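Everything below concerns the one structure shown next.
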Amino acid sequence: MINFDSKNRIFKLDTPNSSYVIGIVDSDQLVNLYYGSKIADTEGLEARSFRPRCASFSPLTNEHYTDSHDFSPDCAPMEYGCNGCGDFRVSALSIKNADGNTVTDMRYEGHRIYAGKPSAEPLPSVYLNSDSEADTLEIYMADRATDIRVTLIYTVFNALDAIIRSAKIENASQKPADIERAMSLCVDLPSMDYDLITLYGRHAKERSEERRPLAHGLQGIASKRGVSSHCQNPFAALVSENADEDSGEVYGFNLVYSGNFEFCAECDFSGTSRIVMGINPNDFSWRLEPGESFMTPEAVIVYSNAGIGEMSRTYHKLYNNNLVCGKWKTAKRPLLINSWEAAYFDFDTEKLVSFAERAKELGMDMLVMDDGWFGERNDDRSSLGDWFVNESKLKGGLGELIDRVTALGLKFGIWYEPEMISPDSELFRAHPDWCVHVPNRKPCIGRHQYVLDMSRKDVRDNIFDQMYSVLSKYKIDYIKWDFNRNLTEVACAKFPKERQGEVFHRFVLGTYEIMDRLTKDFPHLLLENCSGGGGRFDPGMLYYSPQIWCSDNTDPIERLSIQFGTSLCYPASTMGAHVSANRRTNYNTKKNVALWGTFGYELDPDKLSDEEIAEIKEQVKEYHKYYDVIHYGELYRLITPFENEYRAAWEFVSKDKSEALVTVVEIKRSFDNFFILKLSGLCPEKTYVIEETGEEFSGAFLMNAGINLTRKPHNDHDSYLVYLTEKK
Ligand code: DGJ
């Protein structure tokens, strides 16, 4: 709900449990008066919000200056801090005007409040299923000296503690201007007593949680790799110092963007915190000709006063209902078997058909043919860009293979890496200038490949047409969309020198455009994004690709930190997780960990023993049995591997609280042989039956006294499920 108090010129944005208050001061500058747990009134907020001036070093906004007027942007919680007019903190906005300076000063001009939400086209964005889900406030601002205009956009959910923010920059002047910094959000909080939580990682170890107290000065995370990256996820949370899973104040920030990003927290001389998040200004600029506009990506802010777990559940609900699109938002995801760890590049039609036959016997739904089916691709040194079938491997072509697989009653999926080109490829020989490069410099090479310049329409059209001709001819239900290196030597000959700063962002827009065209032309297609594992796991990708391969690391023990970290803001339905053969742990634990995701297999089914076959058949039954509680239920992280090196535990509870599935993994044997686990999220008044033992307990008992799991297996890498249902 959004209210405007026109007398005091105050906007109040309310979600079920939070309030966000913006004021317009006399000089028409916009200030953030409050963001936190819900409050009823706004009186007194202004008096509390301004910090003491730093003597004459805090410059006063001048045009209304009187002895009694002392508004200084240096001491005010600015709603969208601009560069160069007395606000010395990290800016949300900096525009280089036609005179060449970057002084930017936005003042309130007007606003509009309406039910519903605009899209962020050409960017992916959160959407509403009905206008009654949220209201939107657009605040119109202008730099009165340069006639650059900004619209600050806030969509406020009625049933979730989430606010979506973005900004639209327009050039209403007669001269060109360059955006140097345009962040999606700026939030000024009146304290720095917070810990910052971020998700760091690398290839095969994505999204580990890291927590540190805020300190004076600048701190934050960023990517300059052209993608959101393995190394830092575009997610951060500020949490009160004592916050844990179940209590404390939490502000979550997540950017709906798959390219270079920046999250920055600056704590200044008064001990306040400014948060900005958006496209990384490093290597970014955007020329705005008169009349043109620029849309920032959306940022999703979630507030919780009931701990980190509640923040995660809000993100999960929002992404399941308002970000993931199309058929696969609600359709049951196929249980797939993928050829990568089973065969790598070494397969032919007969081997794949044999995989499919075994997979069918095991009860699986889809065969995915991974890397190696096209051009001359027998290893990772060639053929990216040549998206036509390698007939010496697949005799009879794709048609015969797909016919034989689908005749078994399986669906068929295929691997692509559309944004890449191998120097050893027909495409490169025909178009050596199509890779991202700087003239007269040899580009860096990564995994023997270059990156295609997706900012160019001719390049995009070529790749789209190649994919279209395969997808329109054959019965293909799924694409694994891979991306195996980062961008270097970024420039594009198609743009003049003053537009070279646009190339990183145009690359991302180009990728989104192809994904958009594909998912519109083939609405039945399920995309699974992948980037050498989880190097592009972000909400921008989730808009097109309902599931994302979490990591190339399929060891279930190492997967624990990856999946716990990922779950901070991404739901189970989005987390690509498979059981693979090549790891040290038993199949039971592999299955128990992979169930916390889309579930599938990554192994050669012809090499399974009879015992393993029987075990996997049971696992497939469990996948179906627990699908709903995992995919539509709510997650509670009970024991996290970031805090406990011996044991991890998590729980899914169905929305109506009638069933719960608890998973416990023994990371390494602890000599503490007494283990009571307290559950969460149940209904205290309901009675629950533990399926395995038939024991009955009230929800209150299970959550407060807990269940005794001492006698469960507790050797290294053991794991087990505890399934509870409401007594009818
Ligand atoms: C990296 C992916 O993460 C793997 O799963 C696999 O698809 C390979 N690329 C194929 O080259």
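Inspect the range 448-460 for any residue being β-branched (V, I, T) and over 14 Å from C492 (Cβ atoms) and give the result as yes or no.
Restricting attention to the range 448-460, the residues satisfying the condition of being β-branched (V, I, T) are 451, 459.
Narrowing further to those that are over 14 Å from C492 (Cβ atoms): none.
Looking for residues that are β-branched (V, I, T) and over 14 Å from C492 (Cβ atoms), one finds none in the range 448-460, hence no.
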Item checked: Candidates F11, F4 - the one that is under 18 Å from A167 (Cβ atoms), among the aromatic types (F, W, Y), in contact (Cβ under 8 Å) with a residue 12 or more places away in the chain and not in a loop (DSSP other than H, G, I, E, B) -> F11
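Restricting to the range 534-554, what's the tally of residues that are of a type in the set (D, E, K, R) and near the ligand (Cβ under 10 Å from one of its atoms)?
Quick first cut of the range 534-554, residues of a type in the set (D, E, K, R) only: 536, 538, 552.
Cutting the leftovers down to near the ligand (Cβ under 10 Å from one of its atoms) gives us 552.
Counting residues in the range 534-554 that are of a type in the set (D, E, K, R) and near the ligand (Cβ under 10 Å from one of its atoms) gives 1.
Collect the residues in the range 391-407 that are crowded, with 20+ Cβ neighbours inside 10 Å and either within 16 Å of the ligand (Cβ to nearest atom) or within 30 Å of P432 (Cα to Cα) (or both), keeping them in residue-number order. Before you say what the answer is, go through the steps one by one.
To start, the set of residues in the range 391-407 that are crowded, with 20+ Cβ neighbours inside 10 Å comprises 393-394, 398, 401-402, 405.
Correct list: K393, L394, L398.
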Check: List pairs: first in the range 514-533 and touching a residue at least 24 places away in the same chain (Cβ under 8 Å) and away from the ligand (no atom under 14 Å from the Cβ), second assigned to a loop (DSSP other than H, G, I, E, B) and of a type in the set (V, I, T), Cβ under 9 Å, 6+ apart or cross-chain?
Finding: F522/I476; L525/I476
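Could you tell me whether the range 524-542 includes any residue that is farther than 26 Å from K411 by Cα, of a type outside the set (A, V, I, L, M, F, W, C) and surrounded by fewer than 24 Cβ atoms within 10 Å (Cβ to Cβ)? Write out each step before concluding.
Residues of the range 524-542 farther than 26 Å from K411 by Cα: 535, 538-540.
Remaining after also requiring of a type outside the set (A, V, I, L, M, F, W, C): 535, 538-540.
Remaining after also requiring surrounded by fewer than 24 Cβ atoms within 10 Å (Cβ to Cβ): none.
No.
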Item checked: Answer from V31, V126, V103, V90 - the residue that is outside any loop (DSSP other than H, G, I, E, B) and β-branched (V, I, T) -> V31
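Given the options C75, C85, name the one that is part of a loop (DSSP other than H, G, I, E, B), over 33 Å from the mean Cα position of the chain (by Cα) and buried (at least 22 other Cβ atoms within 10 Å of the Cβ).
Details: C85 fails: buried (at least 22 other Cβ atoms within 10 Å of the Cβ).
The match here is C75.
Conditions (1) of a type in the set (A, V, I, L, M, F, W, C); (2) farther than 22 Å from S680 by Cβ; (3) at pLDDT below 95; (4) away from the ligand (no atom under 16 Å from the Cβ), marked per residue:
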position	(1), (2), (3), (4)
N280	no, yes, no, yes
V300	yes, yes, no, yes
R313	no, no, no, yes
K329	no, yes, no, yes
Next item on the list: Kindly establish whether D380 is surrounded by fewer than 21 Cβ atoms within 10 Å (Cβ to Cβ), within 16 Å of the ligand (Cβ to nearest atom) and closer than 28 Å to S223 by Cβ.
Entry: yes
Note to self: Could you tell me how many of the residues in the range 133-189 are charged (D, E, K, R) and under 29 Å from the mean Cα position of the chain (by Cα)?
What the structure shows: 11
Notebook entry, point to check: Any residue at all in the range 62-77 that is in contact with a Leu (Cβ under 7 Å, 6 or more places away or on another chain) and closer than 30 Å to N320 by Cβ?
Noted result: no
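Across the range 566-593, which residue is farthest from the ligand (Cβ to nearest atom) among those that are touching a Leu at 6+ places or on another chain (Cβ under 9 Å) and closer than 17 Å to Y646 by Cα? Can you show your working first?
So in the range 566-593, the residues touching a Leu at 6+ places or on another chain (Cβ under 9 Å) come out as 566-572, 574, 577-582, 592-593.
This time we only want the ones that are closer than 17 Å to Y646 by Cα, so: 592-593.
Numbers: N592: 21, V593: 17 Å.
Top of the filtered list is N592.
May I ask you to list the residues in the range 680-701 that are of a type in the set (G, A, S) and either surrounded by fewer than 15 Cβ atoms within 10 Å (Cβ to Cβ) or at negative phi (or both)? Spell out the reasoning first.
First, pick out the residues of the range 680-701 that are of a type in the set (G, A, S): 680-681, 694, 698-700.
Residues satisfying the conditions are S680, G694, S698, G699, A700.
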Checklist line | Matching option when the condition is more than 22 Å from V256 (Cα to Cα), of a type in the set (F, W, Y) and modelled with pLDDT of 95 or more, among Y80, Y154, Y114 | finding: Y114
Check: Which one is surrounded by the fewest Cβ atoms within 10 Å (Cβ to Cβ), of the residues in the range 411-444 that are touching a residue at least 40 places away in the same chain (Cβ under 8 Å) and β-branched (V, I, T)?
Finding: V438
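Can you tell me which of S247, S285, S273 is under 27 Å from V490 (Cα atoms), of a type in the set (S, T, Y) and modelled with pLDDT of 95 or more? If you could, list the steps in order and put the result at the bottom.
Numbers: S247 fails: under 27 Å from V490 (Cα atoms); S273 fails: under 27 Å from V490 (Cα atoms).
Matching residue, one of S247, S285, S273: S285.
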Note to self: Cβ-Cβ distance below 7 Å, separation of 6 or more or different chains: which pairs start in the range 579-604 with a residue that is closer than 19 Å to L661 by Cβ and end on one that is of a type in the set (V, I, T) and assigned to a helix (DSSP H, G or I)?
What the structure shows: L595/I630; W596/I630
Margin query: Tell me the residue from S472, S455 that is more than 25 Å from E180 (Cβ to Cβ) and either hydroxyl-bearing (S, T, Y) or within 16 Å of the ligand (Cβ to nearest atom) (or both), please.
Written below: S472
Item checked: Matching entry among V368, V353 (being closer than 26 Å to R485 by Cα and out of contact with any Pro (no Cβ under 6 Å at 6 or more places or on another chain)) -> V368
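Any residue at all in the range 458-465 that's touching a His at 6+ places or on another chain (Cβ under 9 Å), within 16 Å of the ligand (Cβ to nearest atom) and closer than 25 Å to G226 by Cα?
Step one: of the range 458-465, the residues touching a His at 6+ places or on another chain (Cβ under 9 Å) are 458-459, 462.
Applying the additional criterion that residues be within 16 Å of the ligand (Cβ to nearest atom) yields none.
Looking for residues that are touching a His at 6+ places or on another chain (Cβ under 9 Å), within 16 Å of the ligand (Cβ to nearest atom) and closer than 25 Å to G226 by Cα, one finds none in the range 458-465, hence no.
How do the strands (runs of 3 or more DSSP E) wholly within the range 223-323 filter down when requiring 1 or more residues that are among the acidic types (D, E): which remain? Before the answer, list the steps.
On the way: elements: 232-240, 250-255, 261-267, 273-279, 286-288, 293-295, 299-304.
Correct list: 261-267.
Among the residues of the range 684-700, which ones are in contact with a Gly (Cβ under 7 Å, 6 or more places away or on another chain) and among the charged types (D, E, K, R)?
E685, K686
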Check: How many residues does the range 616-638 contain that are surrounded by fewer than 16 Cβ atoms within 10 Å (Cβ to Cβ) and out of contact with any Gly (no Cβ under 7 Å at 6 or more places or on another chain)?
Finding: 6
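The values are calculated or read from the model by the stated rules, or taken from the named source; none is laboratory data. Quick caveat, the model's predicted, so the values are computed rather than measured. Methodologically, a virtual Cβ is constructed for each residue, glycine included, from the backbone with ideal geometry; neighbour enumeration extends over all protein chains shown.
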